[in-house]
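I have placed the structure first, in the form of structure tokens, so that the comments after it can refer back to it.
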Amino acid sequence: MNILEGLNGPQREAVTTTEGPLLVIAGAGSGKTRVLTYRIAYLIKEKNVSPYNILAITFTNKAASEMRERVEKQLNISVRNMWISTFHAACVRILRDGTERLGYKSGFVVYDTSDSLALIKSCMRDLNLDPKFYEPKGILHTISRAKDRLVAPGVFEKEMSSDFRGKNVARIYKEYQRRLKELNAMDFDDLIMKTVELFKNNEDFLLQYQNQFRYILVDEYQDTNRAQYELIKTLSKKHGNICVVGDDDQSIYGFRGADIRNILDFERDFPEAKVIKLEQNYRSTQNILNAANNLITHNKGRKGKKLWTDMEGGADIVLFEAEDERMEARYVVSRIVDLMNRGFSTSDMAILYRTNAQSRVFEEELAQDQISYRVVGGQRFYERKEIKDILAYLRVIQDTSDEISLLRIVNEPARGIGEKTIEQLTGYARMNGISLYEAAKAADYAGLSSRQAKNIFSFINMIDELRSFKDDMSISALIELVLKKTGYLDILKNENTPESEARIENLNEFINAAREFEKDNPDLILEDFLTNIALMSDIDSLEEGEGIVMMTVHSAKGLEFPVVFLVGMEEGLFPISRALDAPEDMEEERRLCYVGITRARERLVITYSKTRNLYGRTVVSSPSRFIKEINIAVPSKETVRTNTFTTHERDSSPSFNSAYSVGMKVTHKMWGPGIIVQVKDMGSDKELAIVFQSVGFKKVSANIAPLKIEEG
């Protein structure tokens, strides 16, 4: 078999240009994985290069496995021992060979994030630093970014010399590294940093690996950080046969330490480099590619390319303006229903958003229309830790006998109430036939130490104070008070990591959910709100397997779908507000939008809303600048009456009408036949208590549950 068969011109050139530095700019959907695997196969079969002399680096274990399988299939030989691996896996192999040169003992252990976090906390205790002011997760994030830049503790200390807080972070970093070495351990970031250090200080050891790796290939080069760049540059210095494949227009991980300059400056770092551009796209229609091309030309920091395809034309890109986010979600669901009627399956469609918090209204609307969905790269809204934590607080405020919720929050956030304290209180409660909460109030008699009792009383007093406000303020205001009194929000703010920012966004969206409930149900109270969420969560849990894919644009990188809904395209949301005054961040936001557009194969629907509840308040939104930059000649802009999507035509459907009554026979989509034994008015909804033949007693929402009324 001709190893070059099936390659287009630029792909063939990228495969056969084996000597010297090579930069392959691979546009979205242009077949970069094909080029990498064919290049490895070509080196082995046509150039007689030993697999042992090739190093191929990817970013995920999945990508490495896929590449290995493709090469084996092409050559019909095993390459199990070939160096096709992630950066971290390759560095572990190298470090195992030379770890003693770094002063480590053989058999060092690799710490994962939880191990590292535990060690950070231990270091802080030894340094007598308060975790309220130096949040451990935030400290670990800062140290990780320093290691990405190859900044050792001593250098970091000098960088922070004029900043009081920074000085203490430097102290933690220094102690953390000392303890790691004492424990004969390295964290994930050390694996690359220590490998670079090993090569830098041991020329003979470096030469051994330079001689071994005569040909080096790197995938997703636009996502490399400074440490990874130095590692590759050092290893390739002797033979110079370095091939990097990437797309500067898809560099979207700056917040993780990725440095786009690595790919933009490749020709400066390797003056003899050849550049090959893969611009033929095999994924999307030309209409979609035109949108992507028009958008990305507004970035200055790029190499420049123009995607094209043999699939000319295609469906028009649809642009929809909604009055608010609820109408936006209803519109998207109505389009999904329409496409399903035309033969598309739910798994053909994806809803992409900028932040995880945006998923809530789409989840609720899909559940109401009984359309299955999957949240990829994140949990469903009401299953996210921070939401479950605050819900547990609200449940205890509502009912102190809710022991499950009480156990969840008694030390969340941490307040010095450990498992031993809980065991003693639980034993006391069981012995005296009282609730755990009542036992906590009598902590003095439960055999606790004075310190344990003090921590318990502090918690109980806080809950009692919150309970005193329950009937005198709105649910949304109560949630805000819980976040303030518990310190939950402050801790997340102090973490100052991308993860903590996402959690804060989710909590603000939870406040929005409470405000929506108050607006629609002005006479209902906390108990009704909690019941409503429980019913929604119960419906959510039914949707498994096939379904509409929902995810952030970041999570969608590398994926593709026949239909993509790119939602929330507003200034301050996409692009995100923090990028509005930072040109480099704005360019990354534009690249992120480019990634979103190029996930679509056949149809692309872009939506935005005039107003949106954002970060706990209603804001008037303006369309994202990216919509204008897309500059489609005649976009199909859909306008609809506000009330078109308010009921989903449910009024005429017996599944959603208000005629439910005690004794009525119904059939549930999953639980089968049952009889209604109680109907409770919930304002715009009804709570139905039903005894099902299959699962027994259940409470469900009349508006949400997939019920059918049976005759007779």
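The values are calculated or read from the model by the stated rules, or taken from the named source; none is laboratory data. Keep in mind that this is a model prediction, so the values were computed, not measured. Here the Cβ positions follow ideal geometry from the backbone for every residue, glycine too, while neighbour counts run over all protein chains shown. For accessibility, only protein heavy atoms count, side chains too; no ligands or nucleic acids. Shrake-Rupley method; radii C 1.70, N 1.55, O 1.52, S 1.80 Å.
For TYR393, indicate whether it is more than 22 Å from the chain's Cα centre (by Cα), among the aromatic types (Phe, Trp, Tyr), open to solvent by less than 10 Å² (accessible area, probe 1.4 Å) and more than 21 Å from VAL553 (Cβ to Cβ). Spelling it out, TYR393 is indeed more than 22 Å from the chain's Cα centre (by Cα), among the aromatic types (Phe, Trp, Tyr), open to solvent by less than 10 Å² (accessible area, probe 1.4 Å) and more than 21 Å from VAL553 (Cβ to Cβ). Screening GLN368, GLN398 for residues that are open to solvent by 30 Å² or more (accessible area, probe 1.4 Å) and in contact with a Lys or Arg (Cβ under 8 Å, 6 or more places away or on another chain) leaves exactly one candidate, GLN398. Scanning the range 614-626 for residues that are under 19 Å from LEU481 (Cα atoms) and of a type outside the set (Ser, Thr, Tyr) returns LEU614, GLY616, ARG617. Within the range 163-189, the residues that satisfy the criterion of being in contact (Cβ under 8 Å) with a residue 40 or more places away in the chain, assigned to a helix (DSSP H, G or I) and not charged (D, E, K, R) are ASN168, ILE172, TYR176, LEU180, PHE188.
Condition check ((1) farther than 30 Å from GLN11 by Cα; (2) surrounded by 24 or more Cβ atoms within 10 Å (Cβ to Cβ); (3) in contact with a Phe, Trp or Tyr (Cβ under 7 Å, 6 or more places away or on another chain); (4) of a type in the set (Phe, Trp, Tyr)) across all residues:
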{"position": "ILE263", "(1), (2), (3), (4)": "no, yes, yes, no"}
{"position": "ARG268", "(1), (2), (3), (4)": "no, no, no, no"}
{"position": "LYS274", "(1), (2), (3), (4)": "no, no, no, no"}
{"position": "ILE288", "(1), (2), (3), (4)": "no, yes, no, no"}
{"position": "ILE296", "(1), (2), (3), (4)": "no, yes, yes, no"}
{"position": "LYS300", "(1), (2), (3), (4)": "no, no, no, no"}
{"position": "ALA315", "(1), (2), (3), (4)": "no, no, no, no"}
{"position": "MET340", "(1), (2), (3), (4)": "yes, no, no, no"}
{"position": "ILE351", "(1), (2), (3), (4)": "yes, yes, yes, no"}
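On inspection, THR234 qualifies as outside any loop (DSSP other than H, G, I, E, B), polar (S, T, N, Q) and surrounded by fewer than 17 Cβ atoms within 10 Å (Cβ to Cβ).
On inspection, ARG360 does not qualify as open to solvent by less than 50 Å² (accessible area, probe 1.4 Å) and either modelled with pLDDT under 85 or more than 30 Å from ASN512 (Cβ to Cβ) (or both). Tallying residues that are open to solvent by less than 60 Å² (accessible area, probe 1.4 Å), touching a residue at least 24 places away in the same chain (Cβ under 8 Å) and over 16 Å from LYS557 (Cα atoms) within the range 575-603 yields 3. Does GLU197 count as over 30 Å from HIS554 (Cα atoms), open to solvent by 60 Å² or more (accessible area, probe 1.4 Å), part of a helix (DSSP H, G or I) and among the charged types (D, E, K, R)? It is true that GLU197 is over 30 Å from HIS554 (Cα atoms), open to solvent by 60 Å² or more (accessible area, probe 1.4 Å), part of a helix (DSSP H, G or I) and among the charged types (D, E, K, R). Scanning the range 402-416 for residues that are outside any helix (DSSP H, G or I) and either closer than 16 Å to TYR488 by Cα or open to solvent by 70 Å² or more (accessible area, probe 1.4 Å) (or both) returns VAL410, ASN411, GLU412, PRO413, ALA414, ARG415, GLY416.
Take THR33 and tell me if it is in contact (Cβ under 8 Å) with a residue 24 or more places away in the chain, in a loop (DSSP other than H, G, I, E, B) and either open to solvent by less than 10 Å² (accessible area, probe 1.4 Å) or among the hydroxyl-bearing types (Ser, Thr, Tyr) (or both). So THR33 fails the test. On the stretch given as the range 610-622, residues that are at negative phi and either open to solvent by 60 Å² or more (accessible area, probe 1.4 Å) or at pLDDT 95 or above (or both) total 4.
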